[in-house]
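Read the structure below first, then the notes.
The values are calculated or read from the model by the stated rules, or taken from the named source; none is laboratory data. All figures in this text were calculated on a predicted structure; none of them were measured in a lab. Neighbour counts are summed over all protein chains in view; Cβ atoms, including those assigned to glycine, are modelled from backbone coordinates with ideal geometry.
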């Protein structure tokens, strides 16, 4: 049996020949002829599949999978909300959740407001929080200020506090002074204190002394204590003497002891490689 692929290639090649050089029988190789070749190809494939049902099943699956994927891509590009609804009907699991996050992340990059609206409409609390976080974090990659404003917009909930702290830190890495001015302008309360604490940690990486001053202005309590330890750690990595001097001035005995121990441990760990 002739190779049907070669026959088909020869026929198609003849279509490109000038009229004068086409074979005399070429008029016969019109639609009927090409259909005959196609039938021959199909017959050969059918014969092979009958001989090996496993190959036939695999080919059928692959063709269906490719068609399904093209259809899904079209839906994702034209109607992300519909695609997300379809994904939500799948059984719960890491694969489904990962696909939802990926699609939502891409949608947020194109239309953050629409994506956030969809996220906020989810009935289940954990799903809603996760979706809102995905949208805002996607926006924050390019514009953390806008991401913070979106997180505070319609659909914002008390449970979004951790998200806002994270977004504020990302914003602070780009515009520290702007962030500090914005945070200080928020209503007094634990939420503002936590945002200032997060900002102090970001600031401690570049200017620990300024970060220490910011922490000193926080309300006494757990938030201030944890912020102090975070800043102290960063400061001790850069200048352990200055960090130690600051720690010695802590008024609360338990916090002071904890801070002095932290500096001593860091000094020991930094000296150990030199001794070895």
(message) Could you tell me how many of the residues in region 192-208 are within 15 Å of residue 223 (Cβ to Cβ) and surrounded by fewer than 16 Cβ atoms within 10 Å (Cβ to Cβ)?
(response) 0
(message) From the list 232, 260, 266, exactly one residue is closer than 22 Å to residue 203 by Cα, surrounded by 15 or more Cβ atoms within 10 Å (Cβ to Cβ) and without any contact (Cβ under 8 Å) to a residue 24 or more places away in the chain. Which is it?
(response) 260
(message) One residue is enough: does region 113-120 have a residue meeting the conditions within 21 Å of the chain's Cα centre (by Cα), surrounded by 14 or more Cβ atoms within 10 Å (Cβ to Cβ) and closer than 30 Å to residue 231 by Cβ?
(response) no
(request) Looking at (1) modelled with pLDDT of 85 or more; (2) touching a helix residue (DSSP H, G or I) at 6+ places or on another chain (Cβ under 9 Å), find the lone condition where residue 160 falls short. (result) (1)
(message) Here is a list: 241, 222. Which entry is over 23 Å from residue 193 (Cα atoms) and without any contact (Cβ under 8 Å) to a residue 24 or more places away in the chain?
(response) 241
(request) May I ask you to say which residue of 211, 242 is at pLDDT 95 or above and buried (at least 18 other Cβ atoms within 10 Å of the Cβ)? (result) 211
(message) Residues that are out of contact with any helix residue (DSSP H, G or I) (no Cβ under 8 Å at 6 or more places or on another chain) and assigned to a helix (DSSP H, G or I): does region 242-251 have at least one?
(response) yes
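Condition check ((1) free of Cβ contacts under 8 Å to residues at least 12 places away in the same chain; (2) within 21 Å of the chain's Cα centre (by Cα)) across all residues:
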position: 138; (1), (2): no, yes
position: 143; (1), (2): yes, yes
position: 156; (1), (2): yes, yes
position: 173; (1), (2): no, yes
position: 209; (1), (2): no, no
